[in-house]
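Data block below; observations after.
The values are calculated or read from the model by the stated rules, or taken from the named source; none is laboratory data. Not measured: the values here are computed from a predicted model. So basically every Cβ, Gly included, is an ideal-geometry build from the backbone, and we count neighbours across all protein chains shown.
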């Protein structure tokens, strides 16, 4: 037992408030780059009940309807009613975006006096790379499984397999590893936790059955499951209130989920 250890990674669904904010910021960036590849975008997003706010510094030649970008992103995720945590058509959208500081801009583009090779950056970044041979994706197995479970929840909601699902949710996977000649070898799945938003009419028994059959079994390889694997499926007993109505959201609070699930190292910066 001394040569084994447990490691846990988590993920969140696209309807989690923090991940909603990440997607709005990404959508704003995409909209700017689509018209102006030289856009400089630092866009933050915050959300709470019936409100989404975008703010930051953007210098671009693109003509972007920021409010419409916000509403379209929320609609794509599935926030189409206050019952699910946010209504993309009626929610309040606040926009407070200014141009990049001229002091920062001078370092970036040199006021037209610098060659391309001499241009600076608007900010520094601290980046880490990490790879492992435990999965074909070269990503840690805990991270891969947690992410796939979340993706499968979204897929089952949108294709109608599990109509009682709603956009918000979290997943967590704990795996037992063995140290072997300097490598960390995954042995078995110790624990799987899924907390997913749902309609008020579905029973906990049905949630448990459906998650096992339509989410966990299609995602987690059978060789990693055994009779000791622990399943926590909606352990709170009720998750009807979700999305921004349940929790406030903010860009950049899920950077570990977006990288290696806690393995390796992280520089601390968000991606939008």
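Structure values in brief
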| item | result |
| --- | --- |
| Flag for residue 75 being assigned to a loop (DSSP other than H, G, I, E, B) and surrounded by fewer than 22 Cβ atoms within 10 Å (Cβ to Cβ) | no |
| Filtered residues of region 175-218 (kept if farther than 15 Å from residue 232 by Cα and part of a helix (DSSP H, G or I)) | 214, 218 |
| All positions within region 159-169 that are surrounded by fewer than 21 Cβ atoms within 10 Å (Cβ to Cβ) and closer than 22 Å to residue 236 by Cα | 163, 164 |
| Residues satisfying the stated conditions in region 219-254, i.e. out of contact with any helix residue (DSSP H, G or I) (no Cβ under 9 Å at 6 or more places or on another chain), touching a residue at least 12 places away in the same chain (Cβ under 8 Å) and outside any loop (DSSP other than H, G, I, E, B) | 230, 232 |
| Condition met for residue 204 (touching a residue at least 12 places away in the same chain (Cβ under 8 Å), within 30 Å of residue 81 (Cα to Cα) and surrounded by fewer than 16 Cβ atoms within 10 Å (Cβ to Cβ)) | yes |
| Entirely in region 1-68, the strands (runs of 3 or more DSSP E) that have 2 or more residues that are assigned by TED's automatic domain parsing to the domain that holds residue 174 | 4-12 |
